[in-house]
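Here the structure comes first, spelled out in structure tokens, and everything after it is commentary.
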Amino acid sequence: MRWPTLIIVALLIALQYPLWFGKGGWRHVQESQAQLQRLQDANQKLEVRNAGTAAEVQDLKTGYDAIEERARFELGLTKPGEVFVQTPEAPAGTR
């Protein structure tokens with residue numbers, strides 16, 4: 001009666017091993033789920049960035065206001081009759 005019990009226990013252990021430690025085991029599944037969550041978070045950030053870029057491209061294609069705003073801030077554009085005044089910032093140590 002002792003041998004059949006040992007054989008059954010050995011078979012149960014042999015069947016349980018892949019479940020716990022194998023390629024499709026619970027640890028592998030948890031790691032895969034964590035990796036999936038990280039990828040979904042990264043995709044969410046990229047989708048937000050892409051939506052902002054798409055809106056900016058649409059503004060640049062359809063309206064001159066966005067183009068003028070970029071030219072003013074990035075290139076220092078002034079219209080005829082406007083006066084450009086630049087005030088220097090005080091150094092950090094003088095305050």
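Readers should treat all values here as calculations from the given coordinates under stated rules, not as data from a laboratory. Remember, it's a predicted structure, so these values are computed and weren't measured experimentally. Here the Cβ is made from the backbone with ideal geometry for all residues, glycine too, and neighbour counts use every protein chain on show.
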(request) Work out which GluC sites (Glu not before Pro) in the chain are exposed loop sites (DSSP not H, G, I, E or B, at most 10 other Cβ within 10 Å) and give the longest gap free of them. (result) 1-81
(request) Calculate, axis by axis, the spread of Cα positions in the range 1-77 along the three principal axes, and write the results as whole Å, longest axis first. (result) 95, 21, 11
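Check each of the chymotrypsin sites (Phe, Trp or Tyr not before Pro) in the range 17-95 and keep only those in coil by DSSP with at most 16 other C-beta atoms within 10 angstrom; list them in order.
Numbers: sites: Trp20, Phe21, Trp26, Tyr64, Phe73, Phe84; in loops: Phe84.
Answer by residue number: Phe84.
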(message) Please list, in order along the range 12-22, the HN-Hα scalar couplings obtained from phi with the Karplus expression 6.51 cos²θ - 1.76 cosθ + 1.60 (θ = phi - 60°), rounded to whole Hz, x for Gly and Pro.
(response) 4, 5, 5, 6, 7, 4, x, 5, 8, 10, x
(request) Find how much the distance from Arg27 to Gln40 grows on full extension, using 0.36 nm per residue of separation minus their present alpha carbon separation; answer in nm with one decimal. (result) 2.7 nm
